[in-house]
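Read the structure below first, then the notes.
The values are calculated or read from the model by the stated rules, or taken from the named source; none is laboratory data. Here the structure is a predicted model, which is why all the values come from computation and not from measurement. A quick note on method: Cβ atoms are made from the backbone with ideal geometry, for glycine too, and the neighbour counts reach across all protein chains shown. Please note that ligands, DNA and RNA were not included when accessible areas were found on the heavy atoms of the full protein model with its side chains. Shrake-Rupley method; radii C 1.70, N 1.55, O 1.52, S 1.80 Å.
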Amino acid sequence: MKKRIFACMLTLGMLAILLCSRTSSLFPAETVYAASENQGGITIDSEYLIPDSIGWCTYYVVLATNNTGSDISISADFVAKDGSGNVIKRVNDYSDAVKKDQQFILYGQFLNTEIANAKGYEYAYSVNPTNRCAYTSVALDTRDIGDCVEVIATNYSEFDIQSVGVRSVFIKNGRAVAFDTVNIADAGVTFHGGSTNSQVIGTRAGDYDDMIITYTTVSNQAMSEDL
């Protein structure tokens with residue numbers, strides 16, 4: 001089946017929501033959100049429990065929107081629990097800079113050998129303000145190259161920024177079937193001003209018909225506004 005790849009230039013206040021369907025049928029266990037979700041700060045848009053294609057790990061993926069009114073950094077702890085409520089594995093994910101009103105992805109990656117007895121999953125997050133967001137300095141586009149997708153990022157500012165963190169959920173018939181993430185930079189974690197570079201994503205995604213793509217990036221210095 002020919003894959004349909006949706007791409008757009010991302011602009012201030014909106015991060016390419018290519019598909020935003022909830023997949024609660026994928027959750028065999030209870031999910032508990034952080035209390036601040038209900039306080040108008042971080043809005044949880046969708047959540048997915050996605051096994052990889054080789055049986056090595058399972059991703060707990062949260063698609064959320066920053067409705068705090070400010071640019072933020074965010075850190076999230078994801079835990080897997082057994083039937084007695086004991087934590088059997090804890091992992092962390094974070095983003096150093098999420099723009100006000102931006103949609104973004106956080107995820108927990110669990111090795112299947114470590115969560116064989118998991119009966120429930122929870123996560124909690126902490127948020128801090130930041131003045132290092134370079135989100136609107138970057139434009140993102142995609143190109144279908146057969147079994148995977150080339151993600152192309154351009155830094156339109158004159159300043160170097162840190163690598164562009166791209167995260168994607170692959171969808172088939174309304175269900176999440178794969179997750180992948182890449183960092184786009186020129187050298188190490190540096191993405192030079194005026195530069196365009198790319199990475200390939202979804203090499204093991206299999207058959208899908210839609211995808212969600214988000215990205216974040218951070219400046220190397222404090223900025224009162226986007227670069």
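For VAL189, the criteria (1) touching a strand residue (DSSP E or B) at 6+ places or on another chain (Cβ under 6 Å); (2) in contact (Cβ under 8 Å) with a residue 40 or more places away in the chain hold in every case but one, which is (2). Scanning region 126-141 for residues that are at pLDDT 95 or above, within 25 Å of PHE170 (Cα to Cα) and open to solvent by 20 Å² or more (accessible area, probe 1.4 Å) turns up just one, ASP141.
Please go through region 168-178 and give me each residue that is open to solvent by 40 Å² or more (accessible area, probe 1.4 Å) and in contact (Cβ under 8 Å) with a residue 60 or more places away in the chain, ordered by number. Scanning region 168-178 gives ARG175, VAL177. Restricting region 89-125 to residues that are among the hydroxyl-bearing types (Ser, Thr, Tyr), under 30 Å from GLY193 (Cβ atoms) and in contact with a Leu (Cβ under 8 Å, 6 or more places away or on another chain), the residue that is surrounded by the most Cβ atoms within 10 Å (Cβ to Cβ) is SER95. Out of all the residues in region 40-58, is one or more of a type in the set (D, E, K, R), open to solvent by less than 20 Å² (accessible area, probe 1.4 Å) and modelled with pLDDT of 95 or more? Yes, that holds for at least one residue.
There is no residue in region 15-38 that is modelled with pLDDT of 95 or more, surrounded by fewer than 19 Cβ atoms within 10 Å (Cβ to Cβ) and in a strand (DSSP E or B). Taking region 71-88 only, how many residues are surrounded by 18 or more Cβ atoms within 10 Å (Cβ to Cβ) and out of contact with any Lys or Arg (no Cβ under 9 Å at 6 or more places or on another chain)? Final tally of qualifying residues: 2. Applying the set (1) in a strand (DSSP E or B); (2) over 23 Å from GLY188 (Cα atoms); (3) under 16 Å from the mean Cα position of the chain (by Cα); (4) not basic (Lys, Arg) to SER95 leaves exactly one unmet item: (2).
Scanning region 183-209 for residues that are open to solvent by 20 Å² or more (accessible area, probe 1.4 Å) and outside any loop (DSSP other than H, G, I, E, B) yields ASN183, ALA187, THR190, THR196, ASN197, SER198, GLN199, VAL200. Residues satisfying the criterion are absent from region 117-133 (criterion: at positive phi and either touching a helix residue (DSSP H, G or I) at 6+ places or on another chain (Cβ under 7 Å) or not small (Gly, Ala, Ser) (or both)).
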